[in-house]
Amino acid sequence: MLNEDKIRLMNETARFAKKEEKMMKPAQRYFRGDYLAKHLLQSFFAFTISFAMLFAVWSLYSLERLLNTVDVMEAVRYTEKAVGVYFAGLLVFEAVTVIVYTRKYAASERLREEHLMKLNRLKKRYEIQDKIRELAKEGGRNA
């Protein structure tokens with residue numbers, strides 16, 4: 001005998017898992033700290049490479065002016081400014097990374113918990129059905 005409620009619950013659980021599988025992966029594969037550290041490291045390298053490329057373009061653009069004013073103090077000031085801009089930009093970029101990926105991880109955790117609740121409901125249905133079968137067998141033996 002087919003239990004339509006159980007079949008519907010199984011289909012719903014499978015559909016949910018398939019639809020949200022990609023979004024649930026971070027909570028399944030990583031601890032929160034590891035997930036954030038991974039993305040902080042990636043964003044550090046991405047920002048550093050981007051900044052270096054932009055700095056190189058700016059340096060080539062300003063090369064004539066820099067060479068005309070061959071002053072060591074001015075070169076030091078430009079370097080200090082560039083380092084300051086780099087660290088300020090890196091700090092902002094990393095803060096945005098933490099905010100974005102903390103939210104993504106929290107959403108992933110919520111989806112994972114919802115999926116686990118559906119699986120637990122399905123497990124309880126199986127347990128109830130097994131108990132009903134056991135009671136039916138015992139009732140048949142006693143009669």
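None of the figures in this text is laboratory data; all of them are computed from the coordinates on show. Note that the structure is a prediction, hence the values are computed from the model and not measured. Cβ coordinates were reconstructed from backbone atoms using ideal geometry, including for glycine residues, and neighbour counts include every protein chain displayed.
Scan the stretch 92-111 and report the pairs whose first residue is over 17 Å from Met23 (Cα atoms) and whose second residue is of a type in the set (Asp, Glu), with Cβ atoms within less than 7 Å and a gap of 6+ or a chain change.
That search, which allows pairs on different chains as well, returns nothing.
For every residue, the table says whether it meets (1) of a type outside the set (D, E, K, R); (2) without any contact (Cβ under 8 Å) to a residue 24 or more places away in the chain; (3) assigned to a helix (DSSP H, G or I).
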site	(1), (2), (3)
Asp5	no, no, yes
Leu9	yes, no, yes
Arg15	no, yes, yes
Lys22	no, yes, yes
Ala27	yes, no, yes
Asp34	no, yes, yes
Ala37	yes, yes, yes
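Pull up the stretch 77-91, narrow it to residues that are touching a residue at least 12 places away in the same chain (Cβ under 8 Å) and small (Gly, Ala, Ser), then point me to the one that is nearest to Lys25 (Cα to Cα).
Looking at residues that are touching a residue at least 12 places away in the same chain (Cβ under 8 Å) and small (Gly, Ala, Ser), I get Gly89.
Do we find that Val96 is of a type in the set (Val, Ile, Thr) and surrounded by 12 or more Cβ atoms within 10 Å (Cβ to Cβ) in this structure? Break it down stepwise before answering.
Numbers: of a type in the set (Val, Ile, Thr): yes; surrounded by 12 or more Cβ atoms within 10 Å (Cβ to Cβ): no.
Against the criterion (of a type in the set (Val, Ile, Thr) and surrounded by 12 or more Cβ atoms within 10 Å (Cβ to Cβ)), Val96 does not qualify.
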